[in-house]
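The values are calculated or read from the model by the stated rules, or taken from the named source; none is laboratory data. Note that the coordinates shown come from a computational prediction; the quantities given were computed from them, not determined experimentally. Cβ atoms come from the backbone with ideal geometry, glycine included; neighbour counts cover every protein chain shown. Calculation scope for accessible area: heavy atoms of the full protein, side chains included, ligands and nucleic acids excluded. Shrake-Rupley method; radii C 1.70, N 1.55, O 1.52, S 1.80 Å.
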Amino acid sequence: MLNVSCFYRLSNSLRRQLHVGSTHLKRRKTAEEKKSPRIIEYSPKKTQTSNGEASAAASIWRHMSVAQLAKTLGRPIDDVQEAMLYVKGADNIEATAKLQDLKIIQEIAKKLGTKTRIVATPETAVEDEQKDRDVAPRPPASAELLKARPPVVTVMGHVDHGKTTLLDSLRGADVAAGEAGGITQHIGAFTVTLENGERVTFLDTPGHAAFSAMRARGAVATDIIVLVVAAEDGVMAQTREVIQLAKEVEVPIIVALNKIDKPEANIEKSKQQLAQMGLTLEEHGGDVQVIPISALKGTNLQLLAEAVSTQATLMGLKADPTGLVEGIVVESKTDPRRGKLSTAIVSRGTLRKGSVLLSGLAHAKVRGLFDHNGQPLTEAPPGTPVEILGWRELPLAGELILEVETEKKAHAVLKYREHEAQREKIESSGDEIRKKEEEHQAKYRAEREARRLAGRFRTRGGQRVKQMDINDGIPRVSVIVKGDVHGSVEAILDVLETYNSNERCRLDIVHYGVGNVSEGDLELAKAFDAIIYAFAVETPQAKAAGDVKIRSYNVIYRLIDDLKEQLSSKLPPVEVEEQLGEANVLQSFIINEGRKEVPVAGCRCTKGVLKKSHKFRLLRDGEVIYDGHLESMRHLKNEVDSIKKDVECGLRFKDTKILAQAGDILQCYATQMESQQTDWDPGF
């Protein structure tokens, strides 16, 4: 028992010693210390940095990127990304990733030992962000990266001057026979190997005025223009347009004077006309070569090829075959078996299968590359025309093609471009919206003033007028346009824009697109009672089409002629007057018929034939006195039905109050209803 009690006393004393706080050990102040004034101690100053300045807090803002955070913290981006691995919620550590939460940004800065302060988003950061969202062509490549490339030659000229036949002779293929009516409907691009072994990329553009936009795209994408001029016709409308276009884009011209084998060809006259258009020919000391050729017989084609090769050598055409691809869309179409396709010319980089491309609001992951003969290609270096398979959306002809690193980047750029397009559309329509708003306000004020003047109670009661769209009574033709390629649809729409007779018959374009006629097009046509114009595309069977009118054409002129007939058929018939004869009134006298006295006009027919069954018009000094039918027509004493020229007769009108006078003119005429024709002139 003694040992146990000693143990407890010892443990309690130790416990008291362990629980003694610092306040129990504090030294008491002396009397002198209590009398002295209170000493205030201040915290030490901030530590100085190596350059002698106090460390400042880093500025942060919402939605800043990882790269921007590294820049504002003054730390390498690798350090920031490593710190993000230890911060909850900072999952995406890519340099372009956006940090939405300010708390996460503050935590990252804290891990790196930096204080922060929240500020508004700087303008420079907004500009950098906008710049990073879109893609643009790369800066010019350095000289050591440039390598020679084939020249891009565009064959241009007036319709039916032999452009396609020339290309047939150059590449030994019959293309013109495959064109509808021998007319090129869209741009063709292909590569030709000349006899000297050099490769040349040729573009064949349509020559008709309806395809001016397509020719403009061809000129922009080209290095050299071969202007085909028929020696029998000389300079024509599209020839002048091509010369003007070449001057604007500063592209050299080589003139191919075609059809010199024809007897009516006049070479010297054609050269004079070219000189009058401002072309300085070589024979006059200029730099424009004129090569007389016959595309059909192959005359002087070798000279033309040498001229193209020489011009390309003088220009020293080179391009960078490395890096991201750049190019231009020449044409686009929808193939029912292969999907959306585009013909393009690569201007920089080397296009390969699997590349991710952007063109306007369309993008593609390349699934296949083909040449103009449909043969697959493994790659397409600069200057090569290639057909691209794999577009998600159909690109527009003339748009720039740019390659991006990943599909994720492509989707981000597309989203930004769509947003910008919508914003520009809103801005462009702002004036129209404001104008309509002002009109609405003016109408509202007028109605409010009218109600005020009418009195408060006078406006009540009565049936409200139902608001509905009032049909103006003007006939209309609704159309849906479907084409094989974007260029053809664009050309048709350009022609339809020239229609300017909407006050007589309205022309409504319900829908247009590239590809075959689908079930959706049929339903749309039924809803709007529209005619479907299918241009060089497949159409459904008559049973599937039902009552929908589908018109298939492969030549644009015939399509427009059909549309003109449809517009004319909607116009109401008009009354047309045909003058049959004319007579002079020689004398007016009164006869007795029973107990009545009736006036009779004694006349002589001076022109044509007078027929009793038709209408007559009595004119006196150019003024119409009577317009109606006859009661009686007599020659001598006999009632007759007609009077020939130079025969006298007596005429009695149904209106007995009309009294003719000597010198009056009497016209016999007939009226009939005739259908109207539209006055639309599309230019061909």
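Below is a table of values for the structure above.
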read-out	value
Surface per residue (accessible, 1.4 Å probe) for the range 541-617, Å²	61
Unsatisfied cross-links (Cα-Cα over 27 Å) in the set Lys88/Lys408; Lys340/Lys409; Lys147/Lys259	Lys147/Lys259
Proximal aspartates and glutamates to Lys111, defined as alpha-carbon separation beneath 14 angstrom and excluding residues fewer than eight positions away on the same chain	Asp78, Asp79, Glu82
Accessible surface of the range 308-399, 1.4 Å probe, proportion on carbon and sulfur as whole %	51
Sequence-distant residues sharing a close amide H with Gln676 (under 5 Å, placed H)	Val574
Packing rank of 436-449, 404-417, where each peptide gets the mean count of other beta carbons within 10 Å, highest leading	404-417, 436-449
Centre separation in Å (Cα based) which lies between the range 578-603 and the range 635-684	14
Estimated inter-spin distance, Lys570 and Lys262, nm [label 7 Å along Cα→Cβ]	3.9
Förster radius 25 Å - calculated FRET efficiency between Ala275 and Glu195, Cβ distance, rounded to 0.05	0.20
For the range 239-246, Karplus couplings with θ = phi - 60° (6.51, -1.76, 1.60), whole Hz, Gly/Pro x	5, 5, 5, 5, 4, 5, 5, 5
Percent accessible area from carbon and sulfur atoms, the range 517-614, protein chains only, probe 1.4 Å	46
Ranking by accessible area, most exposed first, for Arg348, Arg62, Arg337 with a 1.4 Å probe	Arg337, Arg62, Arg348
Label zone at Leu324, where the point sits 7 Å out along the Cα-to-Cβ direction: the range 82-121 residues whose backbone N lies under 17 Å	95-97
Cα→Cβ-extended label distance, 7 Å offset, between Lys657 and Ala136, nm	8.5
Amide hydrogen neighbours beyond the local backbone of Glu326, cut-off 5 Å, H modeled	Ser347, Arg348, Gly349
For the range 382-391, 3J(HN,Hα) per residue [Karplus equation, 6.51 cos²θ - 1.76 cosθ + 1.60, θ = phi - 60°, Hz, x = Gly/Pro]	x, x, 9, x, 8, 9, 9, 10, x, 6
Within the range 646-678: backbone nitrogen closer than 13 Å to the Asp621 label point (7 Å, Cα to C-beta)	664
Extension reserve of the Ser613-Ala95 stretch, reckoned as 0.36 nm per residue once the Cα distance is removed	177.0 nm
Ranked packing of 386-394, 496-504, most packed first, by mean Cβ within 10 Å	386-394, 496-504
Packing rank of 622-634, 226-238, where each peptide gets the mean count of other beta carbons within 10 Å, highest leading	226-238, 622-634
For Arg551, residues with placed amide H under 5 Å, excluding near neighbours	Ile532, Tyr533, Ala534
Vicinal HN-Hα couplings computed from phi for the range 430-443 (Karplus, 6.51 cos²θ - 1.76 cosθ + 1.60; Hz; Gly/Pro x)	x, 4, 5, 5, 5, 5, 5, 5, 5, 4, 5, 5, 5, 5
